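S.K.: Okay, handing you the structure first.
We did not get these values from a lab; they are worked out from the coordinates using the rules stated. Bear in mind the structure is a predicted one, so any value in this text is a computation, not a measurement. Positions of Cβ are generated from backbone atoms using ideal geometry, with glycine treated the same way; all protein chains shown enter the neighbour counts.
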Amino acid sequence: MTKTNLLNFAQPQLDEATIAAVVDVLRSNWIASGPNVQAFEQALSDSFGGRPTRVLTSATGAMEVALELCGIGAGDEVITSAQSFFSTMNMIVKVGAKPVFVDCDLETRNIDLAQVEAAITPRTKAIMPTHFPGALVDMDALFALAKKHGLRVIEDAALVQGSQWKGQAVGSFGDIATFSFHPNKNMTTIEGGAIVVNDEAEAKQVEVLRFHGIVRLPDETRDVVVAGGKFNMSDVSAVIGLHQLQQLPQFLAKRSVLAARYFERFPKIPGVVLPPQGVPDQSWNMFCALIPFERLGQTRQQFRAALRAQGVATGVSYEACHLTSIGRGLGCREGQFPHAERISRETVSLPLHARMTEEDVDRVCAVVLNTCQ
Ligand SMILES: Cc1ncc(COP(=O)(O)O)c(C=O)c1O
């Protein structure tokens, strides 16, 4: 299979105007954080209902800063899902806190809020849920629970930029939300992320935490008030983000059409679990199916290799966090979270990006059927 006719499972869409804007920034005198970062932050904030928004070099960095902003560290517990990308678990560990895993719903893959409540202890400081494409975590229940127990909420919204809850965009309400602009996401800045916070005081703290912990003194020297990181976005990335954000509605519309086509055409294989269908106002970053490999008598590795040989690249989103070496090191074991573990074993991310056509989806569905027979 040549690279040119391999259908990638994710791919950015960068138009000529964006490329020209990047060249303009490169020719300017300001390529690190500057006017484009400020403009991008303002545009993002507008898209999040005016809530204070700051950009960083990744969502992972944004999560680390979010935890620090909440004062979370040694001796604290943060409840998170066993089914998420590794950065949720990693950043909790990195700030010195303990990730307390709970299981997720099998179909939506979202964190099980009943298990969250059962896992709360006097040491719990925050809930860190990851939203999956197709259906958001029940926001009413999530924030009611957080309020009842006085907990912070750090939403991992990396996969759901543009999704809405009862008419409100993710990020436009709640506590803290983080977003990713990795090339696989709904829009990109090459690498990049954003954090949405409650007020300007928190936004100022983010600025300190993302840039060496530096505060400027009246005599124009600097103090360091905290051992901050280095997560500031470049103007090159920010100008890409500005252009991408303008095109986001088109990207999302295209992704929705493609997801609808998957639901229409996906082969009816017994034991397959597709994402939730029909929840209004959801953005479609990934289309992940559970495939009953054991029943089909093949491994996921064989299945993915067969798809690739037929021109379809796939991904795995995600391995169960609690069964990684880090998770096992925290005392986790197999059998603890059956849904997260089944997803980990059976999930395949199928191609879905704004450059695809409905015919591409048909091709993927035909190749899946062919491989499962
Ligand atoms: C659910 C989820 N959260 C967080 C991240 C981290 O994003 P970033 O690569 O911008 O750090 C990812 C990246 O794939 C993700 O899928």
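S.K.: At 0.36 nm per residue, and after removing the present C-alpha to C-alpha distance, how many nm does the segment from residue 263 to residue 357 gain when stretched out fully?
M.R.: Computed gain between residue 263 and residue 357 is 32.4 nm.
S.K.: Ok, one more. Beyond a 25 Å Cα-Cα separation, which of these cross-linked pairs lie in this structure: 98/148; 94/204; 94/148; 94/125?
M.R.: Among 98/148; 94/204; 94/148; 94/125, the Cα-Cα distance tops 25 Å for 94/148.
S.K.: Right, another one. Taking the beta-carbon count within 10 Å as an exposure proxy, list 190, 19 from fewest neighbours to most.
M.R.: Going from least to most buried by this count: 19, 190.
S.K.: Would you mind ranking 30, 284 so that the residue whose beta carbon has the fewest other beta carbons within 10 Å leads the list?
M.R.: Least to most surrounded, the residues fall as 30, 284.
S.K.: Return the FRET efficiency for the residue pair residue 369, residue 217: r is the Cβ-Cβ distance, R0 is 51 Å, and the value is rounded to the nearest 0.05.
M.R.: It comes to 0.15.
S.K.: Rounded, prolate or oblate: which fits segment 269-373, taking a ≥ b ≥ c as square roots of the Cα gyration tensor eigenvalues, rounded meaning a/c under 1.5, else prolate when a/b beats b/c?
M.R.: prolate
S.K.: Okay, moving on. Obtain the nm distance between the two label points defined at residue 224 and residue 281 by a simple spin-label model: each point lies 7 Å from its Cα along the Cα-to-C-beta direction.
M.R.: Once both label points are built, they end up 4.5 nm from each other.
S.K.: Further question: Cross-link candidates for residue 254: which lysines have Cα within less than 19 Å, leaving aside residues fewer than 8 places away along the same chain?
M.R.: Output for residue 254: 185.
S.K.: Express in nm, to one decimal, how much length is gained between residue 247 and residue 16 on full extension, taking 0.36 nm for each residue of separation and deducting their alpha carbon distance.
M.R.: 81.9 nm
S.K.: Rounded, prolate or oblate, given the Cα gyration tensor of segment 10-51, with a/c below 1.5 counting as rounded?
M.R.: In terms of gyration-tensor shape, oblate.
S.K.: Please state the charge dipole magnitude for the chain, taken about the Cα centre, from unit charges on C-beta atoms (+1 on K and R, -1 on D and E), reported in debye and rounded to the nearest 20.
M.R.: 860
S.K.: What nm distance separates the two modelled labels at residue 119 and residue 28, each placed 7 Å from Cα along Cα→Cβ?
M.R.: Result: 4.3 nm between the two label points.
S.K.: Taking the convex hull of the alpha carbon atoms in the chain, what volume per residue do you get, in Å³?
M.R.: Convex hull of Cα atoms, per residue: 142 Å³.
S.K.: I would also like to ask the following. Quick check on the exposure proxy: order 242, 350 from fewest to most C-beta atoms within 10 angstrom.
M.R.: Going from sparsest to densest Cβ surroundings: 242, 350.
S.K.: Let me ask something additional. So if we plug the beta-carbon distance of residue 149 and residue 342 into 1/(1 + (r/R0)^6) with R0 = 35 Å, what FRET efficiency do we get, rounded to 0.05?
M.R.: Working from the Cβ atoms, E equals 0.75.
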